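The block underneath contains the structure these notes are about, expressed in structure tokens.
Since every read-out is calculated from the coordinates, none of them should be taken as a lab result. It should be emphasised that the depicted structure is a prediction, and the values quoted were computed from it without experimental measurement. Positions of Cβ are backbone-derived with ideal geometry, glycine not excepted, and every protein chain shown enters the neighbour counts.
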Amino acid sequence: MTAGRRAGYDGQAMELHFLALADRQMEQNLQKIRAVVELMSEDEVWWRPNESCTSVGNLLLHVCGNLSQWILAAVGGESYERRRHEEFAARETVTKAVLMARLTDAVARCRSVVATATKDQLIALRQIQGTETDGLGAIYHSVDHMSYHTGQVVFIGKQLVGGRAAIDFYPHLRGK
């Protein structure tokens, strides 16, 4: 096997494999976020220990903004004007149902872009937030970004939900 290549995979197969992994990771992140947010109260979704911290509500707005800018606009060609500062400035302005509907919609649309992206969309260079990247890089960035914030949502949710409900995404691994 040569460096950077799995046995039996040509460039196109690797590209398709990467896109399938990105699609699966977005869906798994959404499922984890949904499971945690459903257990939280409206107040808990907007809770923050102090003003230098971010609430789950802000994180959900932020993930929607990132997905919209990096995948929907940059790769998919949708029109989008991001207001990143508003993602973090919001305070109890949207219900958790609306937040989850927005995130679910953004993820579904991103998954569609990933599933139908052309080679030209994947290799074209573009500038996003001052970063030069191609379509594959934009998808990678956004999926990684969503995963990072999914971990934060889960951490905050576990802190706040505490003993009210078990949050366990890997019950099949208990005791191993």
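Tell me which residues, restricted to the stretch 120-130, are surrounded by 11 or more Cβ atoms within 10 Å (Cβ to Cβ) and either charged (D, E, K, R) or in a loop (DSSP other than H, G, I, E, B) (or both).
Ala124, Arg126, Gln129
Going residue by residue through the stretch 138-156, is there one that turns out to be in contact (Cβ under 8 Å) with a residue 12 or more places away in the chain, closer than 18 Å to Lys32 by Cα and more than 14 Å from the chain's Cα centre (by Cα)?
yes
Is it the case, given these coordinates, that Arg84 is over 13 Å from the mean Cα position of the chain (by Cα) and under 29 Å from Val114 (Cα atoms)?
yes
Does Glu38 count as over 18 Å from Tyr140 (Cα atoms) and buried (at least 17 other Cβ atoms within 10 Å of the Cβ)?
It is false that Glu38 is over 18 Å from Tyr140 (Cα atoms) and buried (at least 17 other Cβ atoms within 10 Å of the Cβ).
Determine the pairs where a residue that is touching a residue at least 60 places away in the same chain (Cβ under 8 Å) and surrounded by 12 or more Cβ atoms within 10 Å (Cβ to Cβ), located within the stretch 67-92, has a partner that is among the aromatic types (Phe, Trp, Tyr) and assigned to a loop (DSSP other than H, G, I, E, B) with Cβ atoms under 9 Å apart, the partner being 6 or more residues away or on another chain.
Qualifying pairs under 9 Å: Gln69/Tyr80; Ala74/Tyr80.
If you scan the stretch 156-176, which residues turn out to be surrounded by 12 or more Cβ atoms within 10 Å (Cβ to Cβ), of a type outside the set (Lys, Arg) and part of a helix (DSSP H, G or I)?
Ile156, Gly157, Leu160, Val161
Tell me yes or no: at least one residue of the stretch 17-33 is touching a residue at least 60 places away in the same chain (Cβ under 8 Å) and over 18 Å from Ser142 (Cβ atoms).
Looking through the stretch 17-33, none of the residues is touching a residue at least 60 places away in the same chain (Cβ under 8 Å) and over 18 Å from Ser142 (Cβ atoms).
So Val98 fits all but one of (1) within 28 Å of Asn50 (Cβ to Cβ); (2) touching a residue at least 12 places away in the same chain (Cβ under 8 Å); (3) surrounded by fewer than 18 Cβ atoms within 10 Å (Cβ to Cβ); what number is the exception?
That leaves (2) as the condition not met.
Mind checking whether some residue in the stretch 106-116 is surrounded by fewer than 14 Cβ atoms within 10 Å (Cβ to Cβ), of a type in the set (Val, Ile, Thr) and closer than 30 Å to Ala13 by Cβ?
Yes - at least one qualifying residue is present in the stretch 106-116.
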